[in-house]
Every structure is written in C-alpha cells, then in structure tokens.
Amino acid sequence: MKSAKIVGLGKYLPPKRLGNHDLEKIVETSDEWIRTRTGIEERRLAEGQSASDLAYHASKQALKNAGIKSSDLDLIIVASITPDSFFPSTACRLQKLLKASKAAAFDILAACSGFVYGLTCGWQMISGGLYQNILVVGSEVLSVVTDWQDRSTCVLFGDGAGAAVLTQSNSKCFLSSHLGADGSRSDLLCLPAGGSRKPASHTTVEKKLHCIKMRGNELFRVAVRVMVDSARIALSKAGLKENDLDILIPHQANKRIIDSVARTLKIEDKVYINVSRYGNMSSASCAVALCEAYQDGKIKKGDIVVLDTFGGGLVWGSCVIKWV
Ligand code: UT7
C-alpha cells in the first residue's frame with residue numbers, strides 16, 4: 001500500500017511586529033505579566049492581508065522546497081478559523097492565487113488542531129490512492145477577531161501561516177494519527193456570532209460577539225491533560241513509547257502549557273517552542289513550528305516527530321511522523 005510523505009514545508013509571518021510594550025499602551029497589562037504567564041514577547045499583525053494571502057506566501061515556499069509545481073497539486077486543504085469568507089473557501093481563493101487549476105479545494109474548521117486534521121486527511125487520501133500531491137495549510141488572521149480592549153485575550157494571539165506539501169511515497173512517513181473532540185466544552189473558547197446560530201446584527205457587533213471569547217483558566221487545565229493524553233495515544237497507535245520521540249511540536253498557546261505537557265511526558269529537552277515570537281496563531285502555530293524546527297536543523301532523517309495540538313471546539317489532534 002502507498003503512503004504519504006512530507007516533501008516541502010513553508011511559512012509566512014507578516015512583517016508588522018507588536019511587542020508587549022506596545023500592548024501596554026492599549027490595555028492595562030505589562031510586559032512582565034505577559035512574559036511570565038504566557039511566554040509571549042511579540043506577535044505579528046497581517047495589516048490588510050487575508051488568510052489566503054498569508055497562505056499563498058507559505059504555500060509558495062513549501063512548493064518550492066518540495067520541487068512540485070502548483071499545477072501538479074491534486075488537492076488543497078486550508079485549516080483556518082479566520083477564513084477570507086465562509087464561501088468561497090480560503091482553499092478555493094488559494095487555488096486561484098496559486099493557479100493550481102487541477103486541484104480540488106476545501107477548508108477545515110478545527111481551530112488550533114486544523115493543521116493536524118488537514119495532514120491526517122491528506123495522508124489518508126494519498127494512502128487510499130485518491131490523490132498524488134496535496135497541499136495542507138494552516139493560516140490565520142486572528143487580529144481581526146481579537147477584542148483589542150480585552151486584556152485577557154488580546155495579548156495572546158497573532159497572525160501567520162504554515163504549509164506542507166504531501167506526496168505519494170513508498171516510505172512510511174505518517175505512523176499514526178489521533179484526532180478527538182468534545183463539543184460539550186465549546187463554551188471555553190469560541191467566536192459566538194457571525195454564523196447561522198447568531199447571525200451578524202447591530203447587537204452582535206455592539207456586544208463584540210465577533211471576537212474570541214475565552215475562559216482561559218479552565219481551558220489551561222484541560223489543555224495540559226488533553227495534549228498529554230493525545231500524544232500518548234498517537235504514540236501507542238504507532239507502537240512507540242514517550243522515550244522513542246525525538247521532537248515534540250506542540251500547539252503554541254502558552255509556554256506554561258507546553259512546559260507542563262513536556263514535564264508530564266518527561267521530554268523537556270525535546271520540545272520545539274516559538275510562542276515567544278508569534279503568540280498563539282491557532283491552526284498556523286503547529287504548521288509554522290514544524291517548518292521552523294525543520295529549517296533550524298532540529299529535525300533529522302529518521303527522527304520521530306510528534307505533532308500535538310489542542311483548541312476550541314474542543315478539538316485535539318496528534319500525528320506521529322517518521323522523518324524520511
Ligand atoms: O489555543 C487554544 C488553547 N488555548 C489555551 O489553552 C489557553 C489556555 N489559557 C491560558 O493560557 C491562560 O489561562 C491565560 C494566559 C489566558 C491566563 O493566564 P492565567 O494564569 O490563567 O491567568 P488568570 O486568567 O487566572 O488571571 C490571573 C490574573 C487576573 O487578575 P486577578 O483576578 O487575580 O486580580 C486577571 O484579571 O491576571 C489578570 N490578567 C491580566 N493582568 C495583566 C488577565 N489578563 C491580564 C493581562 N495583563 N493581559
């Protein structure tokens with residue numbers, strides 16, 4: 001049976017930086033609080049660029065690194081909670097920008113786990129023989145759904161995109177995937193309005209219901225437990241143990257969450273962390289972290305790489321990849 005292999009990675013971070021000291025001028029916060037409670041030092045702002053624009057730059061880089069032409073793509077999957085619009089999908093807009101005329105295209109709404117959900121779909125569609133080349137992207141412009149007067153959320157998020165090109169291969173690269181959800185805890189992190197349940201109205205705008213609402217403290221505790229469990233389940237599905245892992249690429253919501261997950265799994269020296277530079281970019285966090293870890297030379301041939309994500313929905317997802 002055929003399998004899928006990651007052959008190219010790319011990322012794009014918009015140039016505008018917003019540091020903690022800049023936030024001190026907007027809300028009652030401090031660099032010290034943000035650093036110690038989250039590990040974040042700065043984040044990027046897209047300033048007029050949409051999710052498909054960010055995705056385009058990340059995808060171009062991933063395709064170049066893969067040595068694959070956009071015209072050879074069979075499918076484009078974009079994970080985003082900040083799509084350009086509900087429809088056309090961001091994936092369709094990206095297909096146009098890339099001139100990937102042969103590719104089918106669809107979006108995934110799985111919040112911070114969207115990239116792992118997308119990789120899992122891509123892997124299975126290639127393994128099943130349906131497609132040969134698939135582009136998976138996580139792209140977010142969270143700055144447009146951030147309430148810039150709410151200090152409990154506005155210090156956390158940032159904009160960016162990461163992309164991966166998957167192609168059919170005889171080598172087994174994806175060893176396992178574990179995806180999960182708990183819709184009963186959707187109140188912990190959500191964007192209340194703008195969909196069919198609460199359509200946009202003057203009231204929803206006045207009440208800022210088009211901005212992210214989060215019960216951070218409760219979410220924190222769930223995040224640690226779920227990310228630990230998810231990584232363990234994915235590893236055991238691959239027939240591996242925690243000490244077989246070479247590098248953990250976790251969702252980058254909060255350095256304290258990552259440290260706690262790493263401590264529990266006893267892999268403190270094997271974790272990739274970049275939350276200080278970008279904040280939480282939802283679906284783009286894990287995609288950008290994977291790309292950077294590889295570009296920084298932290299992932300070598302033969303390594304066991306575990307992606308481990310968690311986010312609003314609630315959703316979680318982990319993938320075990322052998323870097324071939
Ligand atoms: O991406 C999906 C997954 N995301 C997550 O899992 C996020 C999980 N949650 C978190 O990362 C953390 O809960 C936060 C970073 C959001 C908050 O950290 P915390 O340590 O849980 O703080 P807290 O919410 O318990 O608030 C502690 C204090 C409060 O003041 P009092 O009530 O103790 O006087 C807050 O009002 O910190 C205050 N506070 C702030 N102070 C300065 C909250 N935000 C700020 C701020 N600056 N930006």
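Name the helices (runs of 4 or more DSSP H) wholly inside region 181-268 in which the number of residues that are under 21 Å from the mean Cα position of the chain (by Cα) is 1 or more. Don't jump to the end; show me each part of the working.
Working: elements: 202-206, 216-237, 255-265.
Once the helices (runs of 4 or more DSSP H) in region 181-268 are filtered for at least 1 residues that are under 21 Å from the mean Cα position of the chain (by Cα), what remains is 216-237, 255-265.
Going by what's in this entry, would residue 42 be described as of a type outside the set (Lys, Arg), surrounded by fewer than 17 Cβ atoms within 10 Å (Cβ to Cβ) and not assigned by TED's automatic domain parsing to the domain that holds residue 179?
Values: of a type outside the set (Lys, Arg): yes; surrounded by fewer than 17 Cβ atoms within 10 Å (Cβ to Cβ): no; not assigned by TED's automatic domain parsing to the domain that holds residue 179: yes.
No.
List, please: which pairs have Cβ atoms under 8 Å, are six or more places apart or on different chains, and start with a residue in region 238-255 that is touching a residue at least 24 places away in the same chain (Cβ under 8 Å) and end with one that is of a type in the set (Lys, Arg) and within 16 Å of the ligand (Cβ to nearest atom)?
If the second residue must be of a type in the set (Lys, Arg) and within 16 Å of the ligand (Cβ to nearest atom), the pairs left are 254/37.
Assigned to a loop (DSSP other than H, G, I, E, B), under 28 Å from residue 177 (Cα atoms) and not β-branched (Val, Ile, Thr) - does that describe any residue in region 16-38?
Kept after step one, since they are assigned to a loop (DSSP other than H, G, I, E, B), are these residues of region 16-38: 25-30.
Then drop every residue that is not under 28 Å from residue 177 (Cα atoms), which leaves none.
Checked region 16-38: no residue is assigned to a loop (DSSP other than H, G, I, E, B), under 28 Å from residue 177 (Cα atoms) and not β-branched (Val, Ile, Thr).
Sort through 188, 179 and tell me the only one that's closer than 18 Å to residue 309 by Cα and open to solvent by less than 30 Å² (accessible area, probe 1.4 Å). Steps first, answer last, please.
Details: 179 fails: open to solvent by less than 30 Å² (accessible area, probe 1.4 Å).
Only one candidate qualifies: 188.
Which numbered condition trips up residue 257, out of (1) hydrophobic (A, V, I, L, M, F, W, C); (2) within 16 Å of the ligand (Cβ to nearest atom); (3) open to solvent by less than 10 Å² (accessible area, probe 1.4 Å)?
The number of the failed condition is (3).
Does any residue of region 186-203 turn out to be more than 16 Å from the ligand (Cβ to nearest atom), at positive phi and not hydrophobic (A, V, I, L, M, F, W, C)?
yes
Would you mind stating whether residue 55 is in contact with a Leu (Cβ under 6 Å, 6 or more places away or on another chain), in a helix (DSSP H, G or I) and assigned by TED's automatic domain parsing to the domain that holds residue 148?
Numbers: in contact with a Leu (Cβ under 6 Å, 6 or more places away or on another chain): yes; in a helix (DSSP H, G or I): yes; assigned by TED's automatic domain parsing to the domain that holds residue 148: yes.
Here the answer is yes, as residue 55 does meet what is asked.
Hey, residue 235 hits all of (1) closer than 14 Å to residue 317 by Cα; (2) loosely packed, with under 15 Cβ neighbours inside 10 Å; (3) of a type in the set (A, V, I, L, M) but one; which does it fall short on?
(2)
Kindly evaluate residue 80 against the criterion of being modelled with pLDDT of 95 or more, within 16 Å of the ligand (Cβ to nearest atom) and closer than 19 Å to residue 17 by Cβ. Don't jump to the end; show me each part of the working.
On the way: modelled with pLDDT of 95 or more: yes; within 16 Å of the ligand (Cβ to nearest atom): yes; closer than 19 Å to residue 17 by Cβ: no.
Taking the combined requirement at face value, the residue does not satisfy it.
Out of all the residues in region 304-324, which are open to solvent by 10 Å² or more (accessible area, probe 1.4 Å), more than 13 Å from the chain's Cα centre (by Cα) and farther than 12 Å from residue 6 by Cβ?
The answer is 304, 313.
The values are calculated or read from the model by the stated rules, or taken from the named source; none is laboratory data. Just so we're clear, the structure is a prediction, and the values are computed from it rather than from any experiment. Cβ: placed from backbone, ideal geometry, glycine included. Neighbour counts: every protein chain shown. Note: accessible area is taken over every heavy atom of the protein model, side chains too, but ligands, DNA and RNA are not part of it. Shrake-Rupley method; radii C 1.70, N 1.55, O 1.52, S 1.80 Å.
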